[in-house]
Amino acid sequence: MLPSYVNPQKIEQEISGQWKMKISLKSALVVAVITSVLWLVFNQNKMQMPKINMLQMCSCQSPNTAPGSPGPMATDGEIEDLYNKIDKRIPQRTIDDIVEATSAQESMAIITNPKSKYCIGDQLQVKVTANDYSGNRKSYGGDYLRARIYSPDTNSSASGSIIDNKDGTYMVKFTLFWAGSVHISVLLMHPSEAVSALWRAKNQGFANIKYTGNFTSATEYVNSECGFELDTEEEICRYIDKRDGEAFYCVKPKHYPCEALTHMNSVNRDHSYLTEVEQLLINRSNIGLEITKALKPVTVQNCGKDEMQSWQKTLLAINQEKFIYIQWKKHTFPFVSKTFYSIKEDAYMARQIDRIGGGENTIIVLTLGQHFRPFPLRVFIRSAINVRKAVERLFIRSPRTKVIIKEENARDMDIDMERFSDFHGYVQYLLLRDIFHGMNVGFVDGLDMSIAYACDVIHPPLEVLENIISMSFTQAS
């Protein structure tokens with residue numbers, strides 16, 4: 001029922017007018033669309049519609065006639081500078097007989113700083129003198145060596161640094177990271193003559209690998225030769241990234257556009273840039289030969305020295321059989337240590353958490369406390385809150401990640417109580433519980449464990465550590 005003040009006749013007239021207006025607008029729109037279509041049909045020869053080219057391909061022309069495109073060996077100044085920097089380090093040697101090459105069996109290695117015992121953190125230096133197969137001293141360097149120390153009993157190993165003296169001698173330096181009987185290994189991977197040959201062959205051309213492109217249509221396909229460089233007079237397809245200047249080519253099959261390339265494969269060609277003598281140098285029997293067979297293991301002891309503490313570095317442990325990868329990293333400021341340590345490989349704990357992808361097979365154990373004890377509490381609170389926020393972000397991107405907080409344990413009672421008293425640790429212990437309250441994280445009560453064991457040392461004994469590790473895995477299960 002309409003209100004008494006509304007005129008029904010007027011409403012009917014207004015509705016009728018609106019309907020007529022809608023019909024008029026609709027008719028105008030239809031006419032505009034038809035006109036546009038007809039204009040496109042009659043002017044299609046005059047218009048060039050843009051084509052979207054996902055491969056950034058240009059027209060199919062031979063390399064000799066295609067203007068403005070990079071060739072397969074085209075380089076800019078930066079590339080050439082970097083290439084030349086390496087090229088200057090490569091020996092330029094050719095030989096006619098393998099006896100002229102460096103021989104691992106004839107070469108010698110001696111320890112230049114021999115001791116009855118070494119301490120953890122000491123340097124071990126080994127001098128290698130290269131001789132050829134006839135026992136003659138080499139007068140130039142360039143041999144490709146590989147050096148390491150290892151202890152089979154503890155499954156420990158570390159690589160060494162090698163200095164080429166450019167006169168046929170090399171100085172190999174090792175840092176002794178662990179105690180025990182340490183073996184020395186220096187391998188001749190390639191003599192300098194093989195290095196020279198490999199470098200020349202690598203940069204000589206593209207004949208070692210054959211590429212085949214598969215061009216397809218709706219009903220058939222055809223294969224065609226492809227590569228970085230094509231020696232042909234046939235029409236080619238040029239696949240070019242114009243921004244970065246990278247290019248690849250294929251011989252264009254008849255009746256197929258360049259865009260029809262859909263698949264690619266490659267095989268090794270029966271081809272070599274090396275001479276027969278050079279091929280003999282890289283035979284498996286001449287690769288990775290031991291130079292240091294005569295060197296006896298050295299004895300390394302824990303002498304209580306404090307010059308080098310490897311625990312300050314990022315540490316890794318890998319169990320390949322069970323696919324377990326463990327990494328330990330310290331936080332950055334305010335890390336406390338009287339010895340110098342790297343600050344380049346670490347960051348604030350929150351930042352390091354942000355770099356972790358996480359996942360259901362990822363367990364993150366966090367511990368913060370001991371290194372914050374000497375400082376005003378607000379420093380610790382800020383860091384702990386930032387860690388909580390980082391864990392919250394981690395759970396957003398990877399909610400199935402397990403996060404465990406290992407709280408700090410009790411420590412020595414006779415070392416600078418003003419700075420390191422367990423009271424400071426207890427206050428921080430309480431704060432961590434409060435800051436992470438309600439979050440899906442596990443807690444390992446290191447303070448409780450060390451009190452129960454009457455352990456008042458900052459680095460607990462093995463029994464306490466085993467319990468801490470066991471509880472961490474229990475929390476993560």
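Here are the numbers for this structure:
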read-out: Members of region 340-362 that are crowded, with 17+ Cβ neighbours inside 10 Å, in contact with a His (Cβ under 8 Å, 6 or more places away or on another chain) and in a loop (DSSP other than H, G, I, E, B); value: D346
read-out: L394, sole failed condition from (1) open to solvent by 70 Å² or more (accessible area, probe 1.4 Å); (2) at pLDDT 90 or above; value: (1)
read-out: Residues (aromatic (F, W, Y) and touching a strand residue (DSSP E or B) at 6+ places or on another chain (Cβ under 9 Å)) located in region 188-247; value: F206, Y211, F215, Y221, F228, Y239
read-out: Of all residues making up region 276-307, the number that are open to solvent by less than 60 Å² (accessible area, probe 1.4 Å) and modelled with pLDDT under 85; value: 1
read-out: For V300: the one exception among (1) free of Cβ contacts under 8 Å to residues at least 40 places away in the same chain; (2) part of a strand (DSSP E or B); value: (1)
read-out: Set E392, E290, E360: member being among the acidic types (D, E), touching a Leu at 6+ places or on another chain (Cβ under 8 Å) and touching a residue at least 24 places away in the same chain (Cβ under 8 Å); value: E290
read-out: Residue match in region 159-166 (condition: open to solvent by 30 Å² or more (accessible area, probe 1.4 Å), among the acidic types (D, E) and at pLDDT below 95); value: no
read-out: Among (1) assigned to a loop (DSSP other than H, G, I, E, B); (2) at pLDDT 95 or above, the one test that F177 misses; value: (2)
read-out: Of residues in region 435-471 being part of a helix (DSSP H, G or I) and among the small types (G, A, S), the one modelled with the highest pLDDT; value: S470
read-out: Of all residues making up region 208-220, the number that are open to solvent by 10 Å² or more (accessible area, probe 1.4 Å) and touching a residue at least 12 places away in the same chain (Cβ under 8 Å); value: 8
read-out: Residue match in region 363-375 (condition: at pLDDT below 85, among the hydrophobic types (A, V, I, L, M, F, W, C) and surrounded by 13 or more Cβ atoms within 10 Å (Cβ to Cβ)); value: yes
read-out: Region 109-127 - residue that is farther than 18 Å from S159 by Cβ and not aliphatic (A, V, I, L, M) and, of those, least open to solvent (accessible area, probe 1.4 Å); value: C119
read-out: One residue from N386, N409 being open to solvent by less than 30 Å² (accessible area, probe 1.4 Å), farther than 16 Å from G438 by Cβ and either of a type outside the set (F, W, Y) or assigned to a loop (DSSP other than H, G, I, E, B) (or both); value: N409
read-out: Scan of region 249-275 for residues that are closer than 17 Å to N208 by Cβ, part of a strand (DSSP E or B) and open to solvent by 40 Å² or more (accessible area, probe 1.4 Å), ordered by number; value: M264, N265, S266, V267, N268
read-out: Selection status of K254, without any contact (Cβ under 8 Å) to a residue 12 or more places away in the chain and at negative phi; value: yes
read-out: In region 81-101, the residues that are assigned to a loop (DSSP other than H, G, I, E, B) and more than 14 Å from P191 (Cα to Cα); value: K88, R89, D96
read-out: Of residues in region 74-131 being in contact with an Asp or Glu (Cβ under 6 Å, 6 or more places away or on another chain) and among the charged types (D, E, K, R), the one modelled with the highest pLDDT; value: E100
read-out: Any chance S196 is hydroxyl-bearing (S, T, Y), crowded, with 19+ Cβ neighbours inside 10 Å and either touching an Asp or Glu at 6+ places or on another chain (Cβ under 7 Å) or closer than 30 Å to D97 by Cα (or both); value: yes
read-out: In region 315-339, residue most open to solvent (accessible area, probe 1.4 Å) [restricted to those that are under 20 Å from I364 (Cα atoms) and among the polar types (S, T, N, Q)]; value: Q320
read-out: Matching option when the condition is open to solvent by 90 Å² or more (accessible area, probe 1.4 Å) and either of a type in the set (D, E) or touching a residue at least 40 places away in the same chain (Cβ under 8 Å) (or both), among E235, E225; value: E235
read-out: S310 being farther than 30 Å from L124 by Cβ and either modelled with pLDDT of 85 or more or not β-branched (V, I, T) (or both); value: no
read-out: Tabulated pairs, region 161-189, first farther than 22 Å from E106 by Cα and touching a residue at least 24 places away in the same chain (Cβ under 8 Å), second open to solvent by 30 Å² or more (accessible area, probe 1.4 Å) and among the aromatic types (F, W, Y), C-beta under 8 angstrom, 6+ apart or interchain; value: V182/Y150
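Per-residue answers, yes or no, for (1) loosely packed, with under 14 Cβ neighbours inside 10 Å; (2) closer than 25 Å to S470 by Cβ:
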position: E418; (1), (2): yes, no
position: F423; (1), (2): yes, no
position: L430; (1), (2): yes, yes
position: F436; (1), (2): no, yes
position: G442; (1), (2): no, yes
position: G446; (1), (2): no, yes
position: M449; (1), (2): no, yes
position: A454; (1), (2): yes, yes
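Every residue, every condition in (1) at negative phi; (2) part of a loop (DSSP other than H, G, I, E, B); (3) without any contact (Cβ under 8 Å) to a residue 40 or more places away in the chain; (4) aliphatic (A, V, I, L, M), yes or no:
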{"site": "G142", "(1), (2), (3), (4)": "no, yes, no, no"}
{"site": "Y150", "(1), (2), (3), (4)": "yes, no, yes, no"}
{"site": "S157", "(1), (2), (3), (4)": "yes, no, yes, no"}
{"site": "R200", "(1), (2), (3), (4)": "yes, no, no, no"}
{"site": "F206", "(1), (2), (3), (4)": "yes, yes, no, no"}
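The values are calculated or read from the model by the stated rules, or taken from the named source; none is laboratory data. Quantities reported herein were computed from a predicted structural model and do not represent experimental measurements. For neighbour counting, all protein chains shown are included, and Cβ atoms are generated from backbone atoms with ideal geometry for every residue, glycine included. Only protein heavy atoms, including side chains, enter the accessible area calculation; ligands, DNA and RNA are left aside. Shrake-Rupley method; radii C 1.70, N 1.55, O 1.52, S 1.80 Å.
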